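**Student:** Okay, here's the structure, questions in a sec.
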């Protein structure tokens, strides 16, 4: 049994990608770089906002960037379920981390759900799975290894900026977080695989769909004229 077989999918009404204009749509590398820029901007907005006591404002900026991602994605119908999966998983994990003292989020009240800005970080992470992190597709052991190392490193960066802190004993907290991300990363990669393949960004101003439908409506099938066996067109049918 494949890991992706255990994950339910959302089916959008249309599975066809958006038509795009080659003159304005980014290529594969352009989509990757733009995705990295959007996700990193969201990360800094959340972390610096939380560190400065403006966690809600940082989360709002990250949400706007996620909406921009959905607006540019060639298949938004498979992106928003992936973002919901990421936020739901982050809500469970980081509420657990906060409740058990593994992580101390700045401005977070004990006994409550994970703060909004940390959920916005999970939202931003979800935007990368079909784009800049698509190279992890079906490489679940590698995804687990990346989560084991990258998860704690990301939180160490947030700690240095003043947005969160590890609980004591510190080594145990880092180990628990590493295991959490070693599980979360391959699960989310499997969800991304289940929902579809690599994504790319397209221009939101393309007029090709409207032009195509207009031409289709004006197209008239040519009339065929039967041929008389004695040679030449059948005059009665041609008339």
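**Student:** Using the per-residue mean of other Cβ atoms lying within 10 Å as a proxy for protection, in what order, highest first, do the peptides 161-171, 114-124, 49-59, 144-154 fall?
**Tutor:** 114-124, 49-59, 144-154, 161-171
**Student:** Right, here's the next one. Return one quarter of the surface area of the convex hull spanned by the alpha-carbon atoms of region 155-204, equal to its mean projected area, in nm².
**Tutor:** Here the figure is 5.8 nm², rounded to one decimal.
**Student:** Please provide three numbers in whole Å: the alpha-carbon extents of region 30-105 along the principal axes, with the largest listed first.
**Tutor:** In descending order, the Cα extents are 41, 26, 18 Å.
**Student:** With the convex hull built on the Cα atoms of region 92-139, state its orientation-averaged projected area in nm².
**Tutor:** Spelled out: convex hull of the Cα atoms, projected over all directions, averaged, 4.2 nm².
**Student:** How many percent of the alpha carbon pairs in region 28-163 exceed a separation of 19 Å?
**Tutor:** Of all Cα-Cα pairs in region 28-163, 50 percent lie more than 19 Å apart.
**Student:** May I ask you to derive the FRET efficiency for residue 100 and residue 29 from their Cβ-Cβ distance with R0 = 45 Å, giving the value to the nearest 0.05?
**Tutor:** Once rounded, the FRET efficiency stands at 0.60.
**Student:** Note down the nm distance, to one decimal, between modelled labels 7 Å out along Cα→Cβ at residue 203 and at residue 179.
**Tutor:** The answer from the label model is 5.2 nm.
**Student:** Right, here's the next one. What percentages, rounded to whole numbers, describe P(r) for region 46-90 computed over all alpha carbon pairs with 10 Å bin width beginning at zero?
**Tutor:** 27, 43, 26, 4
**Student:** Let me ask you something else. Taking the simple approach of a point 7 Å from Cα along Cα-to-Cβ for both residue 168 and residue 109, what is their distance in nm?
**Tutor:** Going from the residue 168 label point to the residue 109 one covers 2.6 nm.
**Student:** Take the Cα of residue 139, step 7 Å along the line toward its Cβ, and report every residue of region 29-54 whose backbone nitrogen sits under 16 Å from that point.
**Tutor:** No residue qualifies, since no backbone N sits under 16 Å from the label point.
**Student:** Using only alpha carbons, build the gyration tensor for region 118-200 and give me the equivalent ellipsoid semi-axes, biggest first, whole Å.
**Tutor:** Over the Cα atoms of region 118-200, the ellipsoid semi-axes are 25, 14, 9 Å.
**Student:** If we count other beta carbons within 10 Å of each Cβ, what is the order of 193, 104, 94, fewest first?
**Tutor:** Fewest to most other Cβ atoms nearby, the residues stand as 104, 193, 94.
Every read-out reported here was derived from the displayed coordinates using simple, explicitly stated rules and does not represent laboratory data. On a predicted model such as this, the values are computed, not experimentally measured, just so you know. Cβ atoms come from the backbone with ideal geometry, glycine included; neighbour counts cover every protein chain shown.
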